Amino acid sequence: MRWLLWRQHRFEMMCIALTLVLCAAFLSLEHLTLASAFADRSLGQCASSSSPSCQTSLNAFVNQFGSMNLSIYWMLILPAVLGIFIGAPLVARELESGTFRFVWVQGVTRTRWFVAKVAALAVATVVAAAALSVIISWALAPLIRVEGILLMPSLNSLTTPLFDLTGVVLIASSVFALSIGVLAGTLARTSVLAMLLTLVAFAAVAVPLDMYRPHFLQPETATAAIQGGSNSNLPAVPPGSWVLKMGFVDAQGRWYDLLSEAAGACLPIDSSAAFDRCISNLGLSTYVEYQPPDRFWHLQVAQAATYGGLSLVALMAAWWIVRRRIA
Amino acid sequence: MTAIVETKALAKRYGNNWALRNCTLQLPQGGVIALVGPNGAGKTTLLQLVVGLLRPTEGTITVNHRRPFDEPAAVLPHVAFVAQDRPLYGGLTADEHLTLGRQLNKKWADDAVRNRFGRLRIPLDRKVRHLSGGQQAQVALGLGLAKQADVVVLDEPLASLDPLARQEFLQTLMEAISETGTTVLLSSHIVAELERTCDYLLIIADARIQLAGDIENTLATHRRVIGPLESWPALSSLHDVIFASHTPRQATAVVRVNGQIFDPVWEVHPVTLEELVLAYLSRTQSESGEPKEAMT
Amino acid sequence: MIEFWLNSRSGVPPYLQIIQQVKHAVLVGRLKAGDRLPTVREVVSQVAINPNTVFKAYRELVHTGIVEMRPGLGTFVRDAPKVIAPADFSALRRSLLRWTRSARQAGLDAAAMEALLMATLSEDHQMEEGTA
């Protein structure tokens, strides 16, 4: 079947390769910018953000280049595109054009045909996704490193989009998109309908999964007392953490977004001392909910395993339909 | 006679619609079997059951004693299928289709097919979608014959071909099987061309087999009779009436004779294949009371 | 080499037509003793006809002694073709003339006579097939 696989899918393989090359080129340019700025500002010497000079230059770096996190946002649709344009037509096109009545009556059984095609495309998907993951990690490494040192950065490797595009999640979500596309093709039996179904199904899984990620592991919490009438006392949160929620808690454990809500009873402010007393009477403290950075791989494996399990289910269902139901 | 394809009470249902019912057949090895009937009668269903594209709802079908749908690895090397509208990969050339066939089949007579395509002047390096209907049909047939299967199944292979293409197609088919013991099973809703090529007949209508038998025997046992209406009851009690169309003046019918017709008042004529098929189909139509598509 | 053609409208079964054409060719001298008949494959590629039909016709021709099969070489016209004796021929012709006269008296024209003759030939053949 090797000849058939290449002949029928060579265009798709070349599109994948081209996309990879274009992304790599784009990311390489970003890498050049980041790497040279990183070196120019000698940020390599800053192991933490404790010293004031480091803190300033690190923050400046992030302020200037943090948008690069978002420049790769569009790559999040790549798995879906793969599922829609490569997974969905796999079976649907043969059903639509009737060629399955030709190719399934040659010398190979439907099962062998299905397995060979899916395996070939899955391997290509894994290789391409892994390559892209690695390239993204390499290209944005300086930024990721800086975000890993700062306290409470707004974007880092635990947040979307970096989390979904590095590690193993990109590989797993791409395989999932392919699988759900193939299944959609066996159900819808026409390419267009299969593509729509793939888009809907992929979004229906990927979006909730991403939204659920903060709570996959019970987040850590940290509190700190409020001093001096200011709410700039932050709890001790490890650098590079993913901050989920920030606010205020009182002695009863009630939660407030803003100090003005929490300490409403203490307003108007007569004197800072009186304000401090009032606040400590209420038992208010600042409160942060976060995921520490050392949970990166744990969360990666969890999300990837979910995608992986769903892929397996989708492919088995698709195989069953091909073997037993298209008859 | 060994039966290469056997069915027992075979039936196929799609949702609430029975496409084939209670089909019990033994198809002779080495024969050229014609499956005739109106559109929608169940021809395609039966043929696709033979090659394992469809799963029986009831009953069994075996090819060489193996079930096509359940044991595809055992059956596929022994059957070849040319589906209706001969689905080929439009973007592939004839040459690439041959490569495909060679890759996917253990037995593959590549040279013989290429020679034939050369003789028929079919361009091997043109995409199939740019070939004429007749050329596409020859490509599909060639691909089916190259498998050197025991049973070659063709679904309406002559429809949408011009007369010359039809002639060439049948010549190719007959020539290919003249030196092997290949069984051919082909369906058509055009009867006229089948008489010289086929030796076994299956008439299907209303999802049921109406007639199954050797063509020569069948034609030998059926007669068209014309005679006076008064003598009709006597005749119809002695012989099987397939279809009678009386006018006020005379009785006309196609009957299957039991013995000889001795009464000299009857004109007895042999039936052609076309007349025979029409009679059986008319019988079905009048029984079911529903209008059927006209046979050409 | 003889080329066959089939008349699908004649009502005569294809294999009979082949037999008739061979017999006719021998009678008029188009096929001479020792001439080779086309192989089944050759016939079938000219005329799209079931190979079994050709087999059957050739077998019948062998059976009636008009041709013989030489293994590995083919099917050949035999040395002594059946020729109708002139005496038989004229006797048959005379009885046929008598018949045409009675048919004309009964009111049949040439076309009607031909139709009756064809139908009778066919029926006769069928009966012979049935008893064979």
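The values are calculated or read from the model by the stated rules, or taken from the named source; none is laboratory data. Everything numeric in this text was worked out from a predicted model, so none of it was measured. Backbone-built Cβ (ideal geometry, glycine too); neighbour counts: all protein chains shown.
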Does C:G34 count as within 8 Å of another protein chain (Cβ to nearest Cβ), touching a residue at least 12 places away in the same chain (Cβ under 8 Å) and either touching a Lys or Arg at 6+ places or on another chain (Cβ under 7 Å) or surrounded by fewer than 19 Cβ atoms within 10 Å (Cβ to Cβ) (or both)?
-> no
Would you be able to tell me the number of residues in segment B:118-139 that are touching a residue at least 40 places away in the same chain (Cβ under 8 Å) and touching a Phe, Trp or Tyr at 6+ places or on another chain (Cβ under 8 Å)?
-> 3
Please work out which residue is nearest to A:A206 (Cα to Cα), limiting yourself to segment A:277-293 and to residues that are loosely packed, with under 15 Cβ neighbours inside 10 Å and without any contact (Cβ under 8 Å) to a residue 24 or more places away in the chain.
-> A:N281
Residue that is surrounded by 20 or more Cβ atoms within 10 Å (Cβ to Cβ), of a type outside the set (S, T, Y) and touching a Cys at 6+ places or on another chain (Cβ under 9 Å), where the choices are A:L132, A:L170 = A:L132
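Could you tell me whether B:A137 is assigned to a helix (DSSP H, G or I) and not polar (S, T, N, Q)?
yes
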Would you point out which residue out of B:T252, B:T221, B:T183 is hydroxyl-bearing (S, T, Y), touching a strand residue (DSSP E or B) at 6+ places or on another chain (Cβ under 8 Å) and assigned by TED's automatic domain parsing to the domain that holds B:L47?
-> B:T183
Condition broken by C:I66, with the remaining ones in (1) surrounded by 14 or more Cβ atoms within 10 Å (Cβ to Cβ); (2) within 20 Å of C:G11 (Cα to Cα) satisfied = (2)
Which condition breaks for C:D79 when tested against (1) in a loop (DSSP other than H, G, I, E, B); (2) among the charged types (D, E, K, R); (3) within 14 Å of another protein chain (Cβ to nearest Cβ)?
-> (3)
3 or more residues under 23 Å from B:Q138 (Cβ atoms) and within 18 Å of the chain's Cα centre (by Cα): qualifying strands (runs of 3 or more DSSP E) within segment B:9-97 | B:32-36, B:79-82
Please enumerate the residues belonging to segment A:239-268 that are farther than 21 Å from A:N281 by Cβ, of a type outside the set (A, V, I, L, M, F, W, C) and surrounded by 14 or more Cβ atoms within 10 Å (Cβ to Cβ).
-> A:P239, A:G240, A:S241
B:E179 being under 18 Å from B:L35 (Cβ atoms) and within 13 Å of another protein chain (Cβ to nearest Cβ) = no
Filter result (outside any strand (DSSP E or B) and within 30 Å of C:P14 (Cβ to Cβ)) within segment B:200-243 | B:I215, B:E216, B:N217, B:T218, B:L219, B:A220, B:T221, B:H239
Could you run through segment B:205-240 and say how many residues are surrounded by fewer than 17 Cβ atoms within 10 Å (Cβ to Cβ) and closer than 16 Å to B:S286 by Cβ?
-> 2
From the list B:Q84, B:Q135, B:Q103, pick out the single residue that is within 26 Å of B:F69 (Cα to Cα) and either modelled with pLDDT of 95 or more or more than 8 Å from chain A (Cβ to nearest Cβ) (or both).
-> B:Q84
What number of residues in segment A:94-109 are in a helix (DSSP H, G or I), facing another protein chain (nearest Cβ under 7 Å) and crowded, with 18+ Cβ neighbours inside 10 Å?
-> 2
